[in-house]
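Participant: Questions regarding the structure given below will be posed in turn.
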Amino acid sequence: MPETRSELILRLFQESNALLQGHFKLTSGKHSDVYFEKIKLIERPAVLEKIIDLLVEEIKNDRPDFEYVVSPAYGGIAIGFLTALKLNKLFAFSQRVEEKMTVRSGFSGLAGSKAIIVEDILTTGGSVQEVLECLKTLGVTVTGIYCLVDRSGGQVLIEGRPVRSLLALKVSAYEPEDCPLCRQALPLVKPGASDKK
């Protein structure tokens, strides 16, 4: 029996040592016993390309009207860039400057355009919400939001709209004060890096 798309994504993460078990502090500030380390995928372009091909297929099936793919820095840049390349679209990225999501002025064609947002791993949707707010200030119409992995199991809505994902899993995420892993005194690890406060 052929593997499902979800099984394939999980296998590619596992084979890339990108699916970690332990006690992790997420970008959202929450704690979890599971961490998807997208940098391990970015290290392996051939594996990342297989995953992006599935994302591109999903986007093509949805047929959103857009000119730009926009992703948040830093982990989303390679993912969004490769997506834009395969879709023959323009690409831009947002980044935090003094704790505020912004887009460099060099992406001069972005203002007033139509775009999709492509994110790597979604837990609470906070980063995507920041990108969306940033794009609104530029008059950009967002016609779709996509991610590789949705850790909320499809529960997160961004301004009432769903986020399309290749893999939606309900993965435990705890507030630090309610974290059972902390109560067990398991060492806390903060993999990856983000300027999000």
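Every read-out reported here was derived from the displayed coordinates using simple, explicitly stated rules and does not represent laboratory data. Keep in mind the model is a prediction, meaning the values are calculated, not measured. In this analysis, Cβ positions are derived from the backbone assuming ideal geometry, glycine residues included, and neighbour counts consider all displayed protein chains.
Participant: Once R0 is set to 30 Å, what does the formula 1/(1 + (r/R0)^6) return for the Cβ-Cβ distance between Thr4 and Ser172, expressed as a FRET efficiency to the nearest 0.05?
Facilitator: Details: r = 22 Å, r/R0 = 0.75.
Approximately 0.85, to the nearest 0.05.
Participant: Label Glu159 and Lys60 with points 7 Å out from Cα along Cα→Cβ: what is the distance between them in nm?
Facilitator: Placing both labels 7 Å along Cα→Cβ, they lie 2.9 nm apart.
Participant: A further question follows. Would you kindly enumerate the cysteines in the chain that have no other Cys beta-carbon under 4.7 Å from their beta-carbon?
Facilitator: Those would be Cys134, Cys147, since no other cysteine Cβ in the chain comes under 4.7 Å of theirs.
Participant: A 27 angstrom limit on the alpha carbon distance is what I want to check against. Which of Lys40/Lys114; Lys100/Lys170; Lys30/Lys100; Lys30/Lys114; Lys89/Lys190 exceed it? The partial results should precede the final answer.
Facilitator: On the way: Lys40/Lys114 31 Å; Lys100/Lys170 29 Å; Lys30/Lys100 20 Å; Lys30/Lys114 32 Å; Lys89/Lys190 34 Å.
In this structure, Lys40/Lys114; Lys100/Lys170; Lys30/Lys114; Lys89/Lys190 exceed 27 Å between Cα atoms.
Participant: Turning to a different aspect of this structure: Could you list Arg5, Arg96 so that the one with the fewest beta carbons within 10 Å of its beta carbon is first and the one with the most is last?
Facilitator: Values: Arg5 12, Arg96 18.
Neighbour counts put them in this order, fewest first: Arg5, Arg96.
Participant: Take the Cα radius of gyration of the chain and divide it by 2.2 N^0.38 Å, with N its residue count; two decimals is plenty. Don't jump to the answer; show the numbers that get you there.
Facilitator: Numbers: Rg = 16.6 Å, N = 197, 2.2 N^0.38 = 16.4 Å.
Computed over Cα atoms of the chain, the ratio equals 1.01.
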